[in-house]
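*Asks:* Below is a structure I'd like to ask you about.
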Amino acid sequence: MNAPLPAAWLAGNDEPRFQLSAHPDHDRIVHVTIDRDALLAFLHEVRKVDVQNLEYVPFMRYELASTLARHVGDDFAATVNGIVKDRQHGGFTVGLQELTADADDFVRFGTAIGHLLGPGNHDAMSGTYYARFVVKHTDNSDSYLRQAYRLFTMHTDGTFVSEATDWLLMMKFAERNAVGGESRFLHLDDWEDIHRFVCHRLGTKPFLYKAPGSKNVSDSVERPLFFQSEFGLSISFIDQFVQPRNREEAAFLNDLSTSMEASPGTREVSLPVGDLVVLNNYFYVHGRAPFEKNASLFRELMRQRGTLA
Ligand SMILES: [Fe+2]
């Protein structure tokens, strides 16, 4: 497949301060490499913006996006938006290239990238527009998010909230004693069984979603699995929070989930510390491989979700 990168993304800047390449682990994902001097200039300029200021004042999040765009060049915002909206690609990775190990710098960079796309959604788990969470050896939570040793099954984000979730961003903050735990991504057009599920009577019938207590969301939302969006055939699904009404619906959902897990289109993608991935939440499902057991396992991630401006 290896869809070519549109030339328009690369043109128009006399001195491009970023480059695009195919991601080594997933041929639809674009890896964006920002010029190191541009990154350093961005980090230096925004270091005066403290993270609490970003949490309390939404317009400051856009200030970071504008500062990054100024240092990386005019084409940068259009390029990353173009990638996320392009059905052939729909996702990218970009990182800080070990220029900093400061978690506040990670928050600032992730915020800037997210707000080049559009406003971040409120994350009810953290109470602000992003959430940091740790995966380690022991966990007593009520969902797979922080459970290291089992497969975190393929899903979309935002299934149980009524607001739209157009994109999601995940950034790795720290990782120690971690073997396994790769991110797993499936683009709908790489899922060979999809039409069997789309054409099924239950494929477009609304299902009920309810979140567990830790998500701090009390709504229940009804939405179909498959629907048409501006990006074409789209999906909304998470096995943990969808509430089947009977055995037939349960068997259908189980079959669909099993098919996504086993699809050859599902690829494992590694993410270094200081790198982030952005995916279009309409035509990608994502999950996580299990980690190998280790009492000292530690991984910290940040997530942001939002809409396209
Ligand atoms: Fe997720």
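*Asks:* Can you tell me which residue is least open to solvent (accessible area, probe 1.4 Å) among those in the stretch 204-238 that are among the basic types (Lys, Arg) and in contact with a Ser or Thr (Cβ under 6 Å, 6 or more places away or on another chain)?
*Replies:* The initial filter retains those residues of the stretch 204-238 that are among the basic types (Lys, Arg), namely 205, 210, 215, 223.
Cutting the leftovers down to in contact with a Ser or Thr (Cβ under 6 Å, 6 or more places away or on another chain) gives us 210, 223.
On the way: Lys210: 101, Arg223: 51 Å².
Out of the qualifying residues, it is Arg223.
*Asks:* Looking only at the stretch 168-187, count how many residues are more than 12 Å from the ligand (Cβ to nearest atom) and either aliphatic (A, V, I, L, M) or outside any loop (DSSP other than H, G, I, E, B) (or both).
*Replies:* Adding up the residues that qualify gives 11.
*Asks:* Any residue at all in the stretch 75-96 that's open to solvent by 20 Å² or more (accessible area, probe 1.4 Å) and either farther than 28 Å from Tyr284 by Cα or among the acidic types (Asp, Glu) (or both)?
*Replies:* Yes, there is a match, as at least one residue in the stretch 75-96 is open to solvent by 20 Å² or more (accessible area, probe 1.4 Å) and either farther than 28 Å from Tyr284 by Cα or among the acidic types (Asp, Glu) (or both).
*Asks:* Just a yes or no: is a residue in the stretch 3-25 open to solvent by less than 80 Å² (accessible area, probe 1.4 Å), modelled with pLDDT of 95 or more and farther than 22 Å from Leu271 by Cα?
*Replies:* no
*Asks:* Still on this structure: If I ask for residues that are assigned to a loop (DSSP other than H, G, I, E, B) and open to solvent by 10 Å² or more (accessible area, probe 1.4 Å), which ones from the stretch 139-160 would you list? Working first, answer last.
*Replies:* As a first pass, look at the stretch 139-160 and keep what is assigned to a loop (DSSP other than H, G, I, E, B): 139-143, 148-151, 156-160.
Asp139, Asn140, Ser141, Asp142, Tyr149, Arg150, Leu151, Asp157, Gly158, Phe160, listed by residue number.
*Asks:* Still on this structure, I have one more. When residues of the stretch 129-138 are filtered for being open to solvent by 20 Å² or more (accessible area, probe 1.4 Å), away from the ligand (no atom under 15 Å from the Cβ) and within 17 Å of the chain's Cα centre (by Cα), how many remain?
*Replies:* The total comes to 1.
The values are calculated or read from the model by the stated rules, or taken from the named source; none is laboratory data. None of the values given here were measured: they were computed from a predicted structure. Neighbour counts run over all protein chains shown; Cβ positions are idealised from the backbone, glycine included. For accessibility, only protein heavy atoms count, side chains too; no ligands or nucleic acids. Shrake-Rupley method; radii C 1.70, N 1.55, O 1.52, S 1.80 Å.
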